[in-house]
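All remarks here apply to the structure that follows.
The values are calculated or read from the model by the stated rules, or taken from the named source; none is laboratory data. This structure is a prediction, so every number in the text was calculated from the model and none was measured. Cβ atoms come from the backbone with ideal geometry, glycine included; neighbour counts cover every protein chain shown. These accessible areas exclude ligands, DNA and RNA; they are computed on the full protein's heavy atoms, side chains included. Shrake-Rupley method; radii C 1.70, N 1.55, O 1.52, S 1.80 Å.
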Amino acid sequence: GTLAAGGANAINMYVDRDIDKVMARTRNRPLATGQIEPRSALVFAVTLEVVAFVFLWTTVNPLSAALAVGACLFYVFVYTLWLKRTSVQNIVIGGAAGAVPALVGWAAVTGSVGPAAWVLFAIVFVWTPPHFWALAMRYSGDYRAAGIPMLPVVRGPQETRRQILLYSLVLFGTSLLLVPVAQMGLVYAGAAVLLGGWFVWRALRLWRGTSPAESMRLFRFSIVYLALLFAAVAADAALVS
């Protein structure tokens, strides 16, 4: 999984090396600064993907291997090469690639992809837009300079705040779906309510306020949110077993 994700990230940097030079957040990446030759980076990235596929196929199962490489292909061709520079929905649709690891993990253990795995996928999928748009609000100037149609650039900060709040509410509901689908217990249910409630509260603060710091507070919390929510999944399952 690490190799597959690293390969996808390296390919993304290879493709985006032109706009990475423009944006302050990314201008120190090794391809943008010329520390690494583009061809060498591409060879390295593809090698990581090949090794990841072979390793998962031979030591785990073919389904997990196919899902991992499929996520990389979706990320590169659908998000990076197509949607990122052409659609305001880029991170919404492209976020599916980041949600596939939940399916990979499930397939690695069970050899199949069940309903609970799709709920985990949906949680990450719905989480991605508010998580990334909060960051994009902070760096909207970068995206504008690079010509990337992120939501804050195309629709403005107020609409972005509204969309973040709406997605946060959907995320709260989606996280609760795992309780009946996967028969989760009180540990997960309690964590989902508390973490989801805090996420919505942070989104409300962002929606009502104008401080640029609020978007970064939400961004940082979104990372903690996802880590703790998935930790609660594991803890709940461990207590039941």
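Within the range 103-137, being under 27 Å from LEU166 (Cα atoms) and β-branched (Val, Ile, Thr) holds for VAL119, ILE123, VAL124, VAL126, THR128. The helices (runs of 4 or more DSSP H) found wholly in the range 28-128 and carrying at least 2 residues that are touching a helix residue (DSSP H, G or I) at 6+ places or on another chain (Cβ under 9 Å) and closer than 30 Å to GLY173 by Cα occupy 62-73, 90-94, 96-110.
Scanning the range 1-22 for residues that are outside any helix (DSSP H, G or I) and either in contact with a His (Cβ under 7 Å, 6 or more places away or on another chain) or of a type outside the set (A, V, I, L, M, F, W, C) (or both) yields GLY1, ASP16, LYS21. Examine the range 233-240 for a residue that is farther than 16 Å from GLN163 by Cα, exposed (fewer than 15 other Cβ atoms within 10 Å of the Cβ) and not aliphatic (A, V, I, L, M), and state whether such a residue exists. Taking every residue of the range 233-240 in turn, none turns out to be farther than 16 Å from GLN163 by Cα, exposed (fewer than 15 other Cβ atoms within 10 Å of the Cβ) and not aliphatic (A, V, I, L, M). Please go through the range 157-175 and give me each residue that is of a type outside the set (A, V, I, L, M, F, W, C), over 20 Å from ALA102 (Cα atoms) and within 17 Å of the chain's Cα centre (by Cα), ordered by number. Listed by number, the list holds a single entry, GLN163. The set of residues from the range 117-136 being open to solvent by 10 Å² or more (accessible area, probe 1.4 Å) and closer than 21 Å to ALA192 by Cα comprises TRP118, VAL119, LEU120, PHE121, ALA122, VAL124, PHE125, VAL126, TRP127, THR128, HIS131, PHE132. Figure legend. Inter-residue proximity from the range 197-214: first residues under 13 Å from PHE172 (Cα atoms), second residues surrounded by 12 or more Cβ atoms within 10 Å (Cβ to Cβ) and among the β-branched types (Val, Ile, Thr), beta-carbon distance below 6 Å, spacing 6+ or different chains. Indicated pairs: ALA203/ILE164.
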